[in-house]
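Asker: First the structure, then my questions, so here it is.
Read-outs throughout are calculated quantities, based only on the coordinates presented, and are distinct from any laboratory measurement. Please read all numbers here as calculations on a predicted model, not as lab measurements. No Cβ is skipped: glycine too gets one built from the backbone with ideal geometry, and neighbour counts run over all protein chains shown.
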Number of protein chains: 4
Amino acid sequence: MRKIGLIGMGNVGATIAYTLVTKGITDELVLIDKNEKKVVADKLDLQDAMGRLNSNTVIKIQDYAELKDADILIITAGKSSAVDGSANGRMGELGFNKEVIKDMAPQIKASGFDGIIIGIMNPNDCMTQYLQEQLDYPRHKIFGTGTFLDTARMQKVVGESFGVNAKNVSGVAMGEHGASQFVAWSTVQVNGVPLRTLERSHSIDLAKLEEATMLGGIMVLQGKGYTNFAIATCAVRLATAVFADEKLACPVSAYSDDLQVYIGQPAIIGKNGVEALTQIALTAEEEQKLTNSAKVILEKVNQLRA
Amino acid sequence: MRKIGLIGMGNVGATIAYTLVTKGITDELVLIDKNEKKVVADKLDLQDAMGRLNSNTVIKIQDYAELKDADILIITAGKSSAVDGSANGRMGELGFNKEVIKDMAPQIKASGFDGIIIGIMNPNDCMTQYLQEQLDYPRHKIFGTGTFLDTARMQKVVGESFGVNAKNVSGVAMGEHGASQFVAWSTVQVNGVPLRTLERSHSIDLAKLEEATMLGGIMVLQGKGYTNFAIATCAVRLATAVFADEKLACPVSAYSDDLQVYIGQPAIIGKNGVEALTQIALTAEEEQKLTNSAKVILEKVNQLRA
Amino acid sequence: MRKIGLIGMGNVGATIAYTLVTKGITDELVLIDKNEKKVVADKLDLQDAMGRLNSNTVIKIQDYAELKDADILIITAGKSSAVDGSANGRMGELGFNKEVIKDMAPQIKASGFDGIIIGIMNPNDCMTQYLQEQLDYPRHKIFGTGTFLDTARMQKVVGESFGVNAKNVSGVAMGEHGASQFVAWSTVQVNGVPLRTLERSHSIDLAKLEEATMLGGIMVLQGKGYTNFAIATCAVRLATAVFADEKLACPVSAYSDDLQVYIGQPAIIGKNGVEALTQIALTAEEEQKLTNSAKVILEKVNQLRA
Amino acid sequence: MRKIGLIGMGNVGATIAYTLVTKGITDELVLIDKNEKKVVADKLDLQDAMGRLNSNTVIKIQDYAELKDADILIITAGKSSAVDGSANGRMGELGFNKEVIKDMAPQIKASGFDGIIIGIMNPNDCMTQYLQEQLDYPRHKIFGTGTFLDTARMQKVVGESFGVNAKNVSGVAMGEHGASQFVAWSTVQVNGVPLRTLERSHSIDLAKLEEATMLGGIMVLQGKGYTNFAIATCAVRLATAVFADEKLACPVSAYSDDLQVYIGQPAIIGKNGVEALTQIALTAEEEQKLTNSAKVILEKVNQLRA
């Protein structure tokens, strides 16, 4: 049966918990947060909903030991200072979140958890890597949401630009889930037609679309002070891919042996976590951007290691 | 096709919007709030999620005219001062919310909307009634969530007390969605067995269970400052009952010809709204509580009318 | 993660498989049938659908060894001669289905399966008991769909008779899933109102409603030669109750220590199978019918044991 | 609210009805078939399931007048002789199905239905065209499932060949839903990587994969005498795309002004039916195959017109 642990019950964590419960995605759910009053309140609120749902979820709280037999652990703990609106915002919470991980890692380790970890903490790539290192965890069993969200935003802005549904846009945003990310335009298709082909007949401002992709989160942050719907949807999507051993092809923050960092890139997600990385042919310019983004991430990782 | 309007994008409204979109319950969704930045942000956040969902929802914002052909209008606008923790808390926001309705009603009227209205504003019963009067709307086409939520809480606390699933508890909480509400214990069954029968063999403290039912919301409020998951789930459940013409038997705040007020009572919800009231045999004590609760509500309604 | 085994891919089994896959209820599905061509065809047809579904299911076929780590085993194998239209029809397939079980039981045993078994073979009560005995399986871990289906039919016919949704009708059909079954009218409520109360004001022909309940399946059989939609829905509902440890209160064919047979009665279904039997107060007449039905079942069980 | 009409309750139609009801996709459903006993039986069987479902669907039968306000009409009536196993099988039922349409068309017309028609009758392309002509219906408001199913099969066989999930394979099968169809390999991607690129490093037998795609249905037919799961899933997917105005990019049998026939090609499906055709760059060889396939279809259309 399905069991998920969830550490961090801020706006994102609470939305994930609500989604897992109301969609009946997990049979058991373990909620953990520093703010116990919040966890208790969310648990009660979810249980108040149970009589109106077709599904059922057993909810446990504040007990790391319960992670022992969990299949998946989703981590949203820590601060998100991105609200300051600077494109580089996601890097700001570095120090605070490092302490969060240093506090949490031994407790995860002690629980005996050996499932798949989905990291949502920011800055996503380096925090995922730092957690992996602190846990000394198999690298394929831990990954970050990374540019899975940025890719969704790219799909939206490209879709709007062509008047098509976001789901009809394929292709990936890569690199850091932060300011050094980029859209690999050579991979993008609209309704199955390569963007490069469409460029000939439409006037498309790729730089503008790329900016809209990267600033998508900032616009939400400025309007409501946090983002939760899209990131929660991405995390839940990845969790179901693990449960159903879906071999889902999607970009996540996965470890690159070449680049020696966790970084947003196309991967295959199944019950073993990152089951493979997808080798895609990037242009020289895109390769350059990827290498550059890896450097930015590595610098932060080294700050964390220090 | 299905179209829902939603006025009020606070914690409850936003959770309802998220649920409607991620579960693909409505084909079109119109979001309206005084705080335009918040509506824009929630819309963007929902659209960022779209590429990861199987369903699709067309989202429009801030346009009353779009309500014209909506099937359902859900209203969560206004303040909720219940957070002060006093059992009578839901009545505190009376004056503020009256102004909200006076502002909103003419715009709803002007839109030509003629579907079903589900009211969530507090104090629920009298606000639903005040809105009905301001709109001069057919009474069966507007109802409040009322004690549908309190009933869910009763199901939970009784279920926990007997170690059974909330869904296995039937029966209703009635009266005001507030301090004068009561559980009609004569209607309650656990796993199909009347509570009155179980009382003989178990020691059950009904007064304590009733208090837990009524204070369920307060406990959530104290922990996180608002309630959203359960009330959103209730509102969405009622909306689907209307769409599917479900003839759902459940307690809502419906108009009572006898008591001359909107009050929590068992009703049948279908595509025409409140299609019937269910005549249930209450004990004399329960009848007395209902009459008393109606008086409390009527007093507030008269304050609003003044 | 969730894994279901399914033995028997006739009309019922195939519909169950289709439902499990298209609703994403199980992560892995093992299909087994004597007619290998049919299993292969259903597997291919389900896999052809996979590209159009949001969920993913790993499908394996014809391998008892795969049951080892399955959570649930659903058994629909064997013949259903009920099509002859006689009310006693479900008893006709006794001899044939006994051989089916004798062939299947050692293979289930050899697989090491130790999850929950949901029996759908007919005559349901005695076949479930015979399988339990052949497997020497813990009684609470195996149960039959029994009168869960008949109860759904009762809900429908009573609902139609009062113009309400079947879901608003509570109460149970009990006894044999066959001719000696009965509706325990003392348990039935419509919109939360006891039928006994409604009888005073409405003219209700209970005998007619009871006949309609029992003949519900026959009418479907006469029209299309088999029943599949409702029985498959019931089986899937029970499977989800097991996965989610739902403590679902519903009538199934469970073992009665008092009556020494498997028989339709209210039970609590959770991850351990039948977690409890619900003690409900029947009238003397209903008790008599239950005892009588148990005798009918026991006679058949003894024929099987012979 | 959502309303679907469904003409034809054979294996495919019944599976579609079951899916629409158990997934709560439509609020109202109208079922029509020459075999009234079958429709009645399926209706009863679906209603017997209703008490176990969270959703509700109002089911009406055998009444063309009820199509007046339906949003979508799905047509699965007629014979499917494809079971003979010849690749050209789908063309065999031409004469029989022509009569079915001649009988049905005036009744659809008389009903005043003006929604979207999804045709599943075979041979799919020419039957869709013949129905459009008999109804003198706006061409964008009627389309056939066409190569949407064949594309799903291509996704499966290519996915299996690379060990990836079918959903990770994009690209289209085009042309006739029959022997002259072809896979437009230039459009196919695996995990976002063009097949043409993969061909360099893997040894892929495209001819074999193409044969497997086209014969996918035949293999199912040989095993169980009919196909229903995948085609029903495709039809339901298209219906939800219409309801939600999804602008879904997918291949269907749509009318080509250039080729003067209904033929499988990439289109955009929304609330207005075929809202656009997607212009994709085919290779010269693929263009040739498309033209050839159109000729095959046109010949059949002319036979029907005669």
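Asker: How would D:150, D:258, A:71 line up from fewest to most surrounding beta-carbon atoms within 10 angstrom? Intermediate values should be presented prior to the final figure.
Answerer: Working: D:150 28, D:258 10, A:71 22.
So the ranking, lowest neighbour count to highest, is D:258, A:71, D:150.
Asker: While we're here: With +1 on each Lys and Arg Cβ and -1 on each Asp and Glu Cβ, how big is the dipole of the protein assembly as shown about its Cα centre, in debye rounded to the nearest 20?
Answerer: Here the size comes out at about 0 debye.
Asker: Exposure proxy check: A:203, A:80 ranked by fewest other beta carbons within 10 Å?
Answerer: A:203, A:80
Asker: Give the angle, between 0 and 90 degrees and rounded to the nearest 10, that separates the Cα long axis of helix D:206-224 from the longest principal axis of the Cα atoms of chain D.
Answerer: With both axes taken from Cα atoms, the answer is about 30 degrees.
Asker: Find how many whole Å separate the alpha carbon centroid of region C:1-70 from the alpha carbon centroid of region C:242-278.
Answerer: Each part reduced to its Cα centre gives a spacing of 26 Å.
Asker: Given A:263, A:240, A:168, which one lies farthest toward the positive end of the charge dipole of region A:148-306, if we put +1 on the Cβ of every Lys and Arg and -1 on the Cβ of every Asp and Glu?
Answerer: Comparing the listed Cα positions along the dipole, A:240 ranks first.
Asker: Report, ordered by chain and residue number, the aspartates and glutamates lying within cross-link reach of residue B:289, taken as a straight Cα distance under 19 Å and ignoring same-chain residues fewer than 8 apart.
Answerer: Leaving aside aspartates and glutamates fewer than 8 places away in the same chain, those within reach of residue B:289 are B:125, B:150, B:176, B:205, B:210, B:211, B:257, B:258, B:299.
Asker: On to the next question. How big is the gap, in Å, between the Cα center of region A:160-179 and the Cα center of region C:103-120?
Answerer: 48
Asker: Could you give P(r) for region D:3-144, binned at 5 Å from zero, as whole percent values over all Cα-Cα pairs?
Answerer: Here the calculated profile for region D:3-144 is 2, 10, 20, 23, 20, 14, 8, 4, 1.
Asker: Oh, and also: Sequence-distant or interchain residues sharing an amide H contact under 5 Å with residue C:245, placed H: which?
Answerer: Sorted by chain and number, the residues that satisfy this are C:271.
Asker: Then there's this: Over region A:148-305, what is the mean sequence separation of C-alpha contacts under 8 Å (at least six apart), divided by residue count, expressed as relative contact order in percent? Let's see the in-between values first.
Answerer: Numbers: 237 pairs, mean separation 37.7, N = 158.
Computed value for region A:148-305: 24 percent relative contact order.
Asker: Over every pair of different alpha-carbon atoms in region B:148-305, take the mean of 1/r and invert it; report that Kirkwood radius in Å.
Answerer: Evaluated over region B:148-305, this radius sits at 16.4 Å.
Asker: Relative contact order of region A:3-144, please, whole-number percent, based on alpha carbon pairs below 8 angstrom and at least 6 residues apart. Write out the running numbers ahead of the final one.
Answerer: Values: 244 pairs, mean separation 33.7, N = 142.
Reported as a whole number, the value is 24 percent.
Asker: With each run of n ≥ 4 DSSP H residues scored as -39500 (n - 2.57), what mean residue ellipticity at 222 nm is computed for chain B after dividing by its residue count and rounding to the nearest 500 deg cm²/dmol?
Answerer: -14500 deg cm²/dmol
Asker: Would you mind classifying region C:131-238 by shape? Square roots of the alpha carbon gyration tensor eigenvalues, ordered a ≥ b ≥ c; an a/c under 1.5 is rounded, otherwise it is prolate if a/b is larger than b/c and oblate if not.
Answerer: Working: a/c = 2.15, a/b = 1.61, b/c = 1.33.
Prolate, since a/c reaches 1.5 and a/b exceeds b/c.
Asker: Further, regarding this structure: Quick one: net charge around residue B:18, please, counting Lys, Arg +1 and Asp, Glu -1 for every other residue with C-beta under 10 Å from its C-beta.
Answerer: Charge balance in the 10 Å sphere: -1.
Asker: What ³J(HN,Hα) values, in whole Hz, does the Karplus curve 6.51 cos²θ - 1.76 cosθ + 1.60 give for region C:4-9 when θ = phi - 60°, with x put for Gly and Pro?
Answerer: Ordered by residue, 3J(HN,Hα) equals 10, x, 9, 9, x, 10 Hz.
Asker: Still on this structure, I have one more. Which residue in D is nearest the D/B rotation axis when you measure from the C-beta atom, and what is the distance in Å?
Answerer: Its Cβ sits closest to the axis: D:2, 3.
Asker: Which net charge results when you count Lys and Arg as +1 and Asp and Glu as -1 among the other residues whose beta-carbon is under 12 Å from that of residue D:7?
Answerer: Residues close to residue D:7 contribute a combined charge of -3.
Asker: To the nearest 20 Debye, how big is the dipole of region B:247-306 about its Cα centre, given +1 on the beta carbon of each Lys and Arg and -1 on that of each Asp and Glu?
Answerer: The calculation lands at about 280 debye.
Asker: Please turn the phi angles of region A:95-109 into ³J(HN,Hα) values with the Karplus equation 6.51 cos²θ - 1.76 cosθ + 1.60 (θ = phi - 60°), one per residue in order, whole Hz, x for glycine and proline.
Answerer: Values per residue, Gly and Pro as x: x, 4, 6, 4, 5, 4, 5, 4, 6, 7, 4, x, 6, 5, 4 Hz.
Asker: Then there is this: Arrange the following residues from fewest to most other Cβ atoms within 10 Å of their Cβ: D:28, B:211.
Answerer: Lowest count first: B:211, D:28.
Asker: Now for a different question. Based on Cα positions only, what radius of gyration and what Dmax would you give for chain B, in angstroms?
Answerer: Computed over the Cα atoms of chain B, radius of gyration and Dmax are 18.8, 59 Å.
Asker: Which net charge results when you count Lys and Arg as +1 and Asp and Glu as -1 among the other residues whose beta-carbon is under 13 Å from that of residue C:42?
Answerer: Local net charge: +1.
Asker: I need the semi-axes of the equivalent ellipsoid of the protein assembly as shown: take the C-alpha gyration tensor, multiply each eigenvalue by 5, square-root it, list largest first in whole angstrom.
Answerer: 43, 40, 32
Asker: Using amide H atoms built in the peptide plane, which far-off residues or other-chain residues are under 5 Å from residue D:117 H to H?
Answerer: Amide H neighbours of residue D:117, under 5 Å, 5+ apart: D:73, D:142, D:143.
Asker: Using only Cα atoms, tell me the angle between helix D:147-162 and the longest principal axis of chain D; keep it within 0 to 90° and round to the nearest 10.
Answerer: 50
Asker: Using a basic spin-label model with each label point 7 Å from the Cα along Cα→Cβ, how many nm lie between residue C:295 and residue B:292?
Answerer: Those two pseudo-labels are separated by 5.4 nm.
Asker: Express the relative contact order of chain D as a whole percentage, based on alpha carbon pairs under 8 Å and six or more residues apart in sequence.
Answerer: Relative contact order, chain D: 18 percent.
Asker: Sticking with this structure for a sec: For peptide C:110-123, what's the mean number of Cβ atoms from other chains within 10 Å of each residue's Cβ?
Answerer: Average per residue, whole number: 0.
Asker: Turning to a different aspect of this structure: Between their Cα atoms, which of B:167/D:60; D:109/D:271; B:37/D:23 are more than 28 Å away from each other? Could you put the intermediate results ahead of the total?
Answerer: Numbers: B:167/D:60 30 Å; D:109/D:271 20 Å; B:37/D:23 36 Å.
Beyond 28 Å between Cα atoms: B:167/D:60; B:37/D:23.
Asker: Put +1 on the Cβ of each Lys and Arg and -1 on the Cβ of each Asp and Glu in chain D; which of D:276, D:22, D:158 then has its Cα farthest toward the positive end of the dipole?
Answerer: Result: D:22, furthest along the dipole toward the positive end.
Asker: Which ³J(HN,Hα) values, rounded to whole Hz and listed in residue order, are derived for region A:274-287 from phi using the Karplus coefficients 6.51, -1.76 and 1.60 in 6.51 cos²θ - 1.76 cosθ + 1.60 with θ = phi - 60°, glycine and proline given as x?
Answerer: Listing the rounded values in order: 7, 7, 6, 9, 8, 7, 10, 7, 8, 6, 4, 5, 5, 4 Hz.
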